[in-house]
1. Please work out the FRET efficiency for the pair Val245 and Asp63, using the Cβ-Cβ distance as r and a Förster radius of 41 Å; give the result to the nearest 0.05.
2. In what sequence, highest mean first, do 129-140, 171-182 appear when ranked by Cβ atoms within 10 angstrom?
3. Quick one: compute the contact order of the chain, relative version, from alpha carbon pairs under 8 angstrom and 6+ residues apart, as a percent.
4. Within 12 Å, Cβ to Cβ, of Asn287, how many net charges do the neighbouring residues add up to if Lys/Arg are +1 and Asp/Glu are -1?
5. Determine the shape class of the stretch 159-280: with a ≥ b ≥ c the square roots of the Cα gyration tensor eigenvalues, call it rounded for a/c under 1.5, and otherwise prolate if a/b is greater than b/c, oblate otherwise.
6. On a C-alpha basis, how far is the centre of the stretch 56-118 from the centre of the stretch 244-321 in Å? Whole number, if you could?
7. Give me the one-decimal nm value for the distance between modelled label points at Thr37 and Met269, 7 Å along each residue's Cα-to-Cβ direction.
8. Could you work out [θ]222 nm for the chain from helices alone, using -39500 (n - 2.57) per DSSP H run of at least four and dividing by all its residues? Round to the nearest 500 deg cm²/dmol.
Amino acid sequence: MDKVYGIMLIGCGHIGGDHLDDMYWRENIRVVAVVDTDEAQARLFARKYNAEHFGTDYHEFLDLPEIDIVIIATYVNTHLPILKDCIAAKKHILCEKPIATSKAEGKEFYHAVKAAEKDGLKVLIAYILRHNDTYNKMRELIWNGEIGELRVARMTQNHHALNWPRYKRLLHDCSPILDCGVHYMDILQWFAGSPVVEVMGQGATVDGDLEDGIVNYGLIIMRLKSGAMAYYEAGWGQTFSSANVKEFIGTKGRIRMTMNANRGTDTEMGDRIELFKLETGQTEIINVQSKYKPMYKQLCALIDMIEDRPTHAPDIEQAYSAFKVAVAADKAVRESAFIYIEDEQN
């Protein structure tokens with residue numbers, strides 16, 4: 001990587017900090033500008049990450065020739081207009097997920113990216129688990145046939161929301177099923193090599209101080225074209241316990257992942273993958289040293305795209321597919337419905 005890439009970050013919040021923490025000091029990265037609607041927060045980020053410019057309006061910096069890549073780390077309801085402005089300014093884009101809050105806006109986002117690609121611009125959606133070494137190892141094991149044909153996936157991602165005001169603001173835009181779910185809809189389809197075709201769901205409002213219509217817990221069941229079944233559970237609330245279950249069950253065995261922080265012992269060994277093989281009746285332990293959110297690795301995938309090198313990063317077709325499943329799942333949760341994904345395409 002001989003070129004130094006100029007970066008503008010839009011959104012100096014929690015996830016924006018995660019991005020810059022892992023990249024601002026890299027030799028091939030130059031933080032040109034940081035932007036937030038809160039000027040004090042933008043100023044703080046400028047000092048912390050040695051940014052050359054800061055402000056409250058990203059339009060002031062879009063024409064700077066030294067900016068090559070824009071990272072969109074704002075609330076989801078702003079993603080589409082910012083994307084369009086960045087495309088108009090001929091900038092490459094790393095956009096946080098989900099791409100939108102509605103099926104209509106997601107479709108518009110998708111077509112904007114497809115048009116931008118024709119002009120040579122590269123857009124990567126931040127499905128960060130695609131760049132996580134543990135998830136890549138699990139995918140390798142499944143694709144190598146270690147558990148036979150994938151038949152069942154069990155996935156839970158519940159958050160004990162200690163910073164409740166932050167979570168309430170996130171819930172104002174979209175539910176956990178959509179916000180976090182797009183990651184796991186993408187992982188599920190990637191692992192299985194098959195699309196989700198049906199989804200059903202139920203939801204609940206747990207915390208009493210939420211606005212009417214806001215659902216902060218959802219449970220969905222999915223069927224893939226391959227015939228495999230999966231469930232995904234997601235809740236954000238003050239009384240939830242944090243839970244992370246990732247288990248993939250096949251005809252010849254199963255894989256279960258435990259993050260290093262949840263191991264209890266031997267946390268220094270990294271994430272723990274348990275590979276059970278029916279043939280031997282034995283369980284193999286595989287330790288993987290993996291950064292949970294490898295933001296710089298993700299950015300390097302975008303740079304690979306820009307420089308026309310192969311990458312395993314999700315293309316816009318895969319990213320959009322996971323989004324459509326998550327939108328359908330969110331609808332299923334809100335309406336206690338059974339939905340065929342193909343019926344939701346238009």
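Only the coordinates and a few stated rules stand behind these numbers; no lab work does. All of these numbers come straight from a predicted model, not from anything done at the bench. Ideal geometry is used to build each Cβ from the backbone, glycine not excepted, and the neighbour counts take in all protein chains shown.
1. On the way: r = 47 Å, r/R0 = 1.15.
With R0 = 41 Å, the Cβ-Cβ based efficiency is 0.30.
2. 171-182, 129-140
3. 18
4. Residues close to Asn287 contribute a combined charge of -3.
5. Because a/c hits 1.5 or more and a/b fails to exceed b/c, the stretch 159-280 counts as oblate.
6. Going from one Cα centre to the other spans 28 Å.
7. 4.7
8. Details: 10 runs with 113 residues, N = 346.
Roughly -10000 deg cm²/dmol at 222 nm, from the helical runs in the chain.
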